[in-house]
Each structure stands twice: as structure tokens, then as C-alpha cells.
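The values are calculated or read from the model by the stated rules, or taken from the named source; none is laboratory data. Computed from a predicted structure; not experimentally measured. For neighbour counting, all protein chains shown are included, and Cβ atoms are generated from backbone atoms with ideal geometry for every residue, glycine included.
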Amino acid sequence: MRDVHFKNLAKFYSSVTKEEVYFKAKDGKYYMFADEEHLTYIYFNLITDRNNCRFVKIGITKDPERRKRENDRLFTRDSEVLCLALIPFAKELEHYIHNVHLGKKHRAERFFDLDFDAGTRRYIDFNNKETYIYDEVKNEVNKIISEIEKVVIIDNVRNLRSDILIKYLVPDYFIDHLKEDEKQENLIPEVNYDYNETIKANVYTRNRYRISVDSQKIISYLNKLSEKDIDCDKTYIFIKKMCSRYNKHKTFSLKELRYLNYFCNKYLG
């Protein structure tokens, strides 16, 4: 492992953050405001070959469901998702992980699996530079994942108001000089949404809504449901279609939001 140790994301985000993203490291978390078009999924997939050798593949994607299928298609065993996070500057972070932090030493060159064409098992070369021997980088990967899980996307930049800016982004020493009653009244505002149920959304254009990033985890949980978890084929197709549209940053009608909210309450409790 290189001498560059991964301690936290504060230095990394301080070096890459631009005007499209507001960022503050505070209370052990990374509070961010970012427009949806600047958010990308970073994933860590654990793969086990037919010799029980474990590998971790680290990459980015706009469509995690499709990427998971593509990754699994290379192997006869399904991969396990160690981490899947929607964050800003995922491409830059991935580049840092591959080229600065982990480097080339522990990259995996081949795996032992079933060759479908030959009908036998053999060693197969990896065709990417994103895969590592997991047991050799496990501790470092866990540190990285632990830091990524501290990223908190508050909302879109366009919804950033002065009171929310103070709450999350103003340094603590400044807030400490404010009167206690001013902190209670001004620093903990109630977030307002045009559609505010389990699913939260704001009006984008007339009669169309964008689901807030506050609902990201709910959509992710819903998207992980399989056909056996849902009691109707049409419902399953609808849910998958809505989740796919969310991942592609599409807008929704009010009727679609209400149905989606209903199914979230029904299947997620």
C-alpha cells in the first residue's frame, strides 16, 4: 500500500468543489448541496471467483441497476454491493482512489471462472483497471466506504436558502456568538416541499415534479425489492420504471408521485 493514507474526504472535496456544489465538513459528516445533474453513483462490488478468491471492483455509474447486471454478467457468481452512494465529484474521487490511494500494486489481473464458450473452468483476464484483490485492500477500502457514508446530500442548490446555509455551512464559532433564541428560531427551519409525504418533491415545471435527494434512500430501498416481494406484476413494473426514471433524473406527475408514495408505505412500512 502507498504511504498516502486515506484519512478523510475534507481535503479531497476542498480541492475539487466548484460553484455547483456547496460543501461543509461538520459534526463528523460532509454536508453538501448539489444539483442532481452533478450527482453520480460510486459503487464497490465484492466478487468471488470459483477458487473463492475475492475481488472488489470500484467504479462510477449513472444507472447502478444496469451496471450491477453488466458486472455480474462477467462472472458465474453474483457480486455483493459493499457500498452504493450518490455523491458529487464521484469521477474525481474514483480517479483519486485508483491512481493515488490504492495504486497498481494490488490490482487483480485474472480470476478463475467458467468459460461459457469452452465449457470449462480456466483463468480469465480482467479487462479493466478498477478491480483489486479484496483481502489485500480490505482495510483501506473499508476506510474509504466509511468516509463516503458520511456524505449527506441536503438538497438541490436551487433550494438553498440563507437560513439553511447558516445551519449547515457557517462555521460553529460564528454560530456560538448568536443569541440562543436566534439559534432556535433561525437555525433549525422546517424544510418545505411542494409534495411532502414519504416521498418528497418540488415543482419543476407546470404539473411536473422532481423528487428531492432527501428521498434517495427510500427510492433505493424500493428499487431493491424483487418480484417475490411485490404481489402484482403490474405494480412491480411500475415501481421499477419509476425508480429508473428517478435514477435518470426525470420528472414526475402528481399522480405518479401519489402512487409511488403509496407503494413505499405499503412495501417498505
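Descriptive notes on the structure:
- In a residue-by-residue description of the stretch 80-97, the property of being of a type in the set (Lys, Arg), under 20 Å from the mean Cα position of the chain (by Cα) and surrounded by 15 or more Cβ atoms within 10 Å (Cβ to Cβ) applies to no position.
- Output for the stretch 199-234, where each listed residue is surrounded by 15 or more Cβ atoms within 10 Å (Cβ to Cβ), β-branched (Val, Ile, Thr) and over 18 Å from the mean Cα position of the chain (by Cα): ILE230
- Selection count where residues are in contact (Cβ under 8 Å) with a residue 24 or more places away in the chain and buried (at least 18 other Cβ atoms within 10 Å of the Cβ), scope the stretch 60-74: 4
- Test: residue in the stretch 114-129 that is among the polar types (S, T, N, Q) and in contact with a Lys or Arg (Cβ under 6 Å, 6 or more places away or on another chain): no
- Of the strands (runs of 3 or more DSSP E) that lie entirely inside the stretch 36-93, those containing 1 or more residues that are out of contact with any Ser or Thr (no Cβ under 8 Å at 6 or more places or on another chain) and under 17 Å from LYS248 (Cβ atoms) span 39-48.
- Of all residues making up the stretch 84-117, the number that are under 22 Å from CYS53 (Cα atoms) and of a type in the set (Phe, Trp, Tyr): 3
- Screening the stretch 173-256 for helices (runs of 4 or more DSSP H) wholly inside it with 1 or more residues that are modelled with pLDDT under 90, more than 24 Å from LYS24 (Cα to Cα) and polar (S, T, N, Q) returns the ranges 216-223, 233-247.
- Residue, surrounded by the fewest Cβ atoms within 10 Å (Cβ to Cβ), within the stretch 8-35, restricted to residues that are in a loop (DSSP other than H, G, I, E, B) and touching a residue at least 24 places away in the same chain (Cβ under 8 Å): GLY28
- Residue in the stretch 92-109 that is among the hydrophobic types (A, V, I, L, M, F, W, C), at pLDDT below 80 and out of contact with any Pro (no Cβ under 8 Å at 6 or more places or on another chain) present: no
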